[in-house]
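Notes follow the structure.
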Amino acid sequence: MTPADTIIAGRDELTREQMIPLLQEIQAAEGYLSTEAMTLVAEALETPVSRVYGVATFYNQFRFAPLGEHVIELCRGTACHVKQSLALAQHLKRRLKLTGDGNSADGRYTVVSVACLGACSIAPVIRLDGEFYGHLTTEKLDALLDGVEAKDEAEAAADDEAAA
C-alpha cells in the first residue's frame, strides 16, 4: 500500500473540498505528487483526474517530481533581482544541468525559485538545505557547491569503508 493509499483510506468521508488537504498530505508523505497519487485522489473524490491536476498545477506549493538530495531555494525578490540573482539562476542551470522540473540531471540537486526568502540585507541569497548563504557571486556559489560535493564524496567514502 502506498502512502497515498494509506492517507486516502484513513479518511472517513471524502468530499471534493478535501482535495487540497489530501494533496498536501500526500506530498508531505511522498515528497511530491505522482501521476498515480493524483489518479488515486481523483478516484476517491469521484472527480476527473484533469480537475485534480488543474488544482495541483494552479498552486505553486505542489511538486510533480521528487526532490534532489540537496534543495537550493533561489531568492528572486526585488533586492536579490537588483543584485543579479538572475545570473546566479542561469549559472545554477548550466552548472547543475537542470531539467525543466528544477532537478539536476543526476537527481542530486533541486533548484526552486522563490519570490522572497526574507533575507534582503544579504542579497543575493540562497537557502541550501535550510541554511542561508548571502552576498553571493557565481564564484562564491561555485565554492559553496564544490564544498557540498566534497562533503558528499567524503561521506560516501566513509560509508564504503564502514561497509567493507
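Within the set 115, 164, 154, the sole residue that is within 18 Å of residue 69 (Cβ to Cβ), out of contact with any Pro (no Cβ under 8 Å at 6 or more places or on another chain) and at pLDDT below 95 turns out to be 154.
Could you look through the stretch 102-113, keep only residues that are part of a loop (DSSP other than H, G, I, E, B) and under 12 Å from the mean Cα position of the chain (by Cα), and pick out the one that is surrounded by the most Cβ atoms within 10 Å (Cβ to Cβ)?
102
Rundown of residues vs (1) in a loop (DSSP other than H, G, I, E, B); (2) outside the structural domain of residue 130 (by TED's automatic domain parsing); (3) small (Gly, Ala, Ser); (4) in contact with a helix residue (DSSP H, G or I) (Cβ under 8 Å, 6 or more places away or on another chain), yes/no style:
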{"position": "17", "(1), (2), (3), (4)": "no, yes, no, no"}
{"position": "44", "(1), (2), (3), (4)": "no, yes, yes, yes"}
{"position": "50", "(1), (2), (3), (4)": "no, yes, yes, no"}
{"position": "100", "(1), (2), (3), (4)": "yes, no, yes, no"}
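Residue check: is residue 36 free of Cβ contacts under 8 Å to residues at least 12 places away in the same chain, farther than 30 Å from residue 132 by Cβ and surrounded by fewer than 13 Cβ atoms within 10 Å (Cβ to Cβ)? The answer is no for residue 36. Criterion first (outside any strand (DSSP E or B), in contact (Cβ under 8 Å) with a residue 12 or more places away in the chain and in contact with a Pro (Cβ under 6 Å, 6 or more places away or on another chain)) does residue 144 satisfy it? When the stated conditions are applied, residue 144 does not pass them. Sub-8 Å Cβ pairs linking a first residue in the stretch 150-164 that is touching a residue at least 24 places away in the same chain (Cβ under 8 Å) to a second residue that is of a type outside the set (Val, Ile, Thr) and surrounded by 10 or more Cβ atoms within 10 Å (Cβ to Cβ), at least 6 apart or interchain, are 152/69; 152/108, ordered by first then second residue.
The values are calculated or read from the model by the stated rules, or taken from the named source; none is laboratory data. Keep in mind that what you see is a predicted model, and the values were worked out from it rather than measured. When we count neighbours, we look across all protein chains shown, and the Cβ atoms used for this are built from the backbone with ideal geometry, even at glycine.
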